[in-house]
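Engineer: Just dropping this structure here.
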């Protein structure tokens, strides 16, 4: 009886142990499967994260590259504008960054012309339209051209030195009038330019500004007569009686004043 009970108890224990072992094995398999699934999911997540990071990094790189290209384009544009501005700036009174000299003005000076002010505070040359100082009328180029033209025209009407017959100088002799730099007249009896000379009342030749007749006309008026009349006239000269206008200067009075002398010449040459 005791042996049978012991065997029964031993069998039960074996069954329990076997059941435990089987249950443990089954649990381990499930745990292993769960562990494997968890590992697979983790790896998949890692891959997704890496892809996400890769995509994000790629997008950021594209944005960075685009920004750098935009900066380069902006820099090139600014450089081109600066070069273009510098090449078109011809005002000798400063640079493209020189400020207007007008009181209280911060604008840059005009890029062209003869002015140290901006376009608002500059005038336009009355000849060519170039910017000039606000108190000027013509630019330096136009003034220089006008002076050159005046000098050229004053040499002679033909512009040739061969027509210069004034014995008081040459084609480059300057006018004797104080402060005048024009050449003297190309013809006549004068040491001044045409502006500061008078015209002979008889022949129209240029003479000094304080004279009335040229030397040639005076000489003609004062030369002796070829045929004298038998009597003398009431004046200080003898008439030849001819229409040639030839007079004898032998009776001329040295005491005659300048006004009387001019009146006498007017009478002589007018006849």
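Engineer: Looking at 69, 45, which one is at pLDDT 80 or above and part of a helix (DSSP H, G or I)? So that I can check it myself, show each step before the final result.
Structural biologist: Details: 45 fails: at pLDDT 80 or above.
It is 69.
Engineer: Right, residue 180: in a helix (DSSP H, G or I), at pLDDT 60 or above and closer than 30 Å to residue 150 by Cβ or not? It would help to see each step written out before you state the result.
Structural biologist: Working: in a helix (DSSP H, G or I): no; at pLDDT 60 or above: yes; closer than 30 Å to residue 150 by Cβ: yes.
Judged against the criteria, residue 180 is not a match.
The values are calculated or read from the model by the stated rules, or taken from the named source; none is laboratory data. Since the model is a prediction, treat every value here as computed from it, not as a measurement. Positions of Cβ are generated from backbone atoms using ideal geometry, with glycine treated the same way; all protein chains shown enter the neighbour counts.
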